[in-house]
1. Starting from the coordinates of the alpha-carbon atoms of the stretch 90-187, obtain the Kirkwood hydrodynamic radius over all distinct pairs and give the value in Å to one decimal.
2. Would you mind working out the accessible area per residue for the stretch 34-160, using a 1.4 Å probe, and quoting it in Å²?
3. At 1.4 Å probe size, what's the solvent-accessible area of I173? Round to the nearest 10 Å².
4. Would you compute, from DSSP H runs of 4+ residues alone, the mean residue ellipticity of the chain at 222 nm, taking -39500 (n - 2.57) per run and dividing by the full residue count, rounded to the nearest 500?
5. Calculate the length of the line joining the C-alpha centroid of the stretch 79-100 to that of the stretch 121-154, in whole Å.
6. Using amide H atoms built 1.01 Å from N in the peptide plane, name the residues 5+ places from E118, or on other chains, whose amide H lies under 5 Å from its own.
7. If you take the Cα atoms of the stretch 1-77, find Rg, then find the Kirkwood Rh from the mean of 1/r over all pairs, what is Rg/Rh?
8. Could you tell me what percent of the accessible area of the stretch 1-103 is made up of carbon and sulfur, with a 1.4 Å probe and every protein chain present?
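The values are calculated or read from the model by the stated rules, or taken from the named source; none is laboratory data. Owing to the predicted nature of the structure, the values given are computational and were not obtained by experimental measurement. Note that each Cβ is placed from the backbone with ideal geometry, even for glycine, and that neighbours are counted across all protein chains shown. Side chains are part of the model used for accessible areas, which takes the heavy atoms of the whole protein and leaves out ligands, DNA and RNA. Shrake-Rupley method; radii C 1.70, N 1.55, O 1.52, S 1.80 Å.
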Amino acid sequence: TIGKETFSLPRPFFVMATQNPIEQSGVYTLPEAQIDRFLFKLLMSYPEYKEEEKIMEENMTLKKFEEFNIVAATTPAEIIKMQKLAKKIYLDEKIKKYILNIVKRTRTKDLKYGGYIELGSSPRASIALFIASKAEAFMNGRNFVIPSDVKAIAHDVLRHRLILTYRARAEHIDSDKIIDEILEKENV
């Protein structure tokens, strides 16, 4: 929306962002409230030797985009259909409580590493775990969520929603370590 005029975006619409920890000069970090709006934070490591060799030989400066022969894996209409089906996936009350308890534990900090959490996860974390665990079950061919679906997506959903203390960074304690402890302690 600009002023009083709203512009429609194509459906489905999503945003992907990258963060390069090496070249941050002149780049401002997003505020926590904006980071919280992303469903996942995925970590990517350096490519393996053979992968990097392929990247080196087949990059956009040497080839035209059309030469990559990229073929669509799906259509926007199919994505929307899959989103609707994923919303219908059954999620039991026990799983809801499990999700809520995971998020609550980030706030109560009742953990070995709890002192490293400055600010726990917002309600968006509960929403994201709820939605993403349904999508995980759907992708695994089930019409119901099981605890391993929640565990499978928990790190990607929570790692950017835990605000850690300076002490955590100084002692090399990251969000994943805290999430591991939460998942180990929390039972369905």
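1. Numbers: mean 1/r = 0.0741 Å⁻¹.
Computed over the stretch 90-187, the radius equals 13.5 Å.
2. Working: 8940 Å² over 127 residues.
I get 70 Å² per residue for the stretch 34-160.
3. It works out to around 20 Å².
4. -13500 deg cm²/dmol
5. Spelled out, the Cα-based centre of one part sits 7 Å from the other.
6. I163, L164, T165
7. Values: Rg = 17.9 Å, Rh = 17.2 Å.
Expressed as Rg/Rh, it is 1.04.
8. Details: 5850 of 9800 Å².
Solvent-exposed carbon and sulfur of the stretch 1-103 make up 60 percent of the total.
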